[in-house]
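Visitor: My structure is below; once you've seen it, I'll send some questions.
The values are calculated or read from the model by the stated rules, or taken from the named source; none is laboratory data. Everything quoted here is computed from the prediction, not taken from an experiment. Heads up, the Cβs are rebuilt from the backbone with ideal geometry, glycines too, and the neighbour counts pull from every protein chain shown.
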Amino acid sequence: MDRLLFLAADYATVDASGKLNILGAFNTINARQFPTTHQLMHLVIKLRPALGEYGDTRQLRIVLVDEDGAELFQVAGDIELPKVKGGERPEFNAVIGLRDLVFPHPGRYEFRLYIDKDQKDELSIQLVQAEQPQEQ
């Protein structure tokens, strides 16, 4: 299985026809204080199954780690890969909404994408300490 897309966005959906709609892709979060809570983000995933995988069930797992490798969050679930339609090889699109995700400190974080036990990709997010406004 090939990973075609893995990104973080402010908002994303998959419409009834299977088309991805993505708004506000990012890889940096500015925060005034830490720990900080990011109220809502969407992870967007696009996969192309190998010929023998169409119609199969696989486990998709996302793990968030900090720059020391400590696991902060994990979500997993089974996905049903589409079946081949005629000669067409459909892609698999997924959007995972994450609410109130806590980042304990500034630095680099990484979302790791697994299909079954194989890591397919990683997505780095940089958390930056925003400067406090100067009082006059």
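Visitor: Quick one: Asp78 ticks every box in (1) closer than 22 Å to Asp2 by Cβ; (2) modelled with pLDDT under 95; (3) surrounded by fewer than 16 Cβ atoms within 10 Å (Cβ to Cβ) bar one, so which box is it?
Guide: (2)
Visitor: Say whether the condition of being buried (at least 17 other Cβ atoms within 10 Å of the Cβ) and either assigned to a loop (DSSP other than H, G, I, E, B) or β-branched (Val, Ile, Thr) (or both) is met by at least one residue in the range 114-125.
Guide: Yes.
Visitor: So, one more: For the condition within 21 Å of Lys120 (Cα to Cα), at pLDDT 95 or above and either surrounded by 12 or more Cβ atoms within 10 Å (Cβ to Cβ) or among the acidic types (Asp, Glu) (or both), what is the one hit in Asp2, Asp66?
Guide: Values: Asp2 fails: at pLDDT 95 or above.
The conditions single out Asp66.
Okay, residues lined up against (1) of a type in the set (Lys, Arg); (2) out of contact with any strand residue (DSSP E or B) (no Cβ under 7 Å at 6 or more places or on another chain); (3) closer than 15 Å to Ala8 by Cβ:
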| site | (1), (2), (3) |
| --- | --- |
| Asn30 | no, no, yes |
| Ala50 | no, yes, no |
| Gly87 | no, yes, no |
| Glu91 | no, no, no |
| Ala94 | no, no, yes |
| Arg99 | yes, no, yes |
| Arg112 | yes, no, yes |
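Visitor: Another one. Do you know which of the residues in the range 126-135 that are surrounded by 12 or more Cβ atoms within 10 Å (Cβ to Cβ) and either touching a Pro at 6+ places or on another chain (Cβ under 8 Å) or at pLDDT 95 or above (or both) is nearest to Asn27 (Cα to Cα)?
Guide: Restricting attention to the range 126-135, the residues satisfying the condition of being surrounded by 12 or more Cβ atoms within 10 Å (Cβ to Cβ) are 126-127, 129-130.
Among the residues that remain, those that are also either touching a Pro at 6+ places or on another chain (Cβ under 8 Å) or at pLDDT 95 or above (or both) are: 126-127, 129.
Numbers: Gln126: 6, Leu127: 9, Gln129: 14 Å.
Residue satisfying both the conditions and the ranking: Gln126.
Visitor: So which of Gln33, Gln39, Gln59 is among the polar types (S, T, N, Q), more than 15 Å from Gln126 (Cα to Cα) and exposed (fewer than 11 other Cβ atoms within 10 Å of the Cβ)? Even if it seems obvious, please write down each step before you answer.
Guide: On the way: Gln33 fails: more than 15 Å from Gln126 (Cα to Cα); Gln59 fails: exposed (fewer than 11 other Cβ atoms within 10 Å of the Cβ).
Step by step, each of Gln33, Gln39, Gln59 is checked, and only Gln39 is among the polar types (S, T, N, Q), more than 15 Å from Gln126 (Cα to Cα) and exposed (fewer than 11 other Cβ atoms within 10 Å of the Cβ).
Visitor: Six or more apart or on different chains, Cβ under 9 Å: which pairs go from a residue in the range 113-135 that's small (Gly, Ala, Ser) to one that's assigned to a strand (DSSP E or B) and loosely packed, with under 14 Cβ neighbours inside 10 Å? Could you list them?
Guide: As it stands, the answer is Ser124/Arg108; Ala130/Asn30, since those pairs meet every condition given.
Visitor: Check every one of the strands (runs of 3 or more DSSP E) wholly within the range 1-112 and list those with 1 or more residues that are of a type outside the set (A, V, I, L, M, F, W, C) and farther than 20 Å from Val128 by Cβ. Give the steps one after another, and end with the answer.
Guide: On the way: elements: 2-14, 20-26, 28-31, 36-48, 57-65, 71-80, 92-103.
Here the list reads 2-14, 20-26, 36-48, 57-65, 71-80, 92-103.
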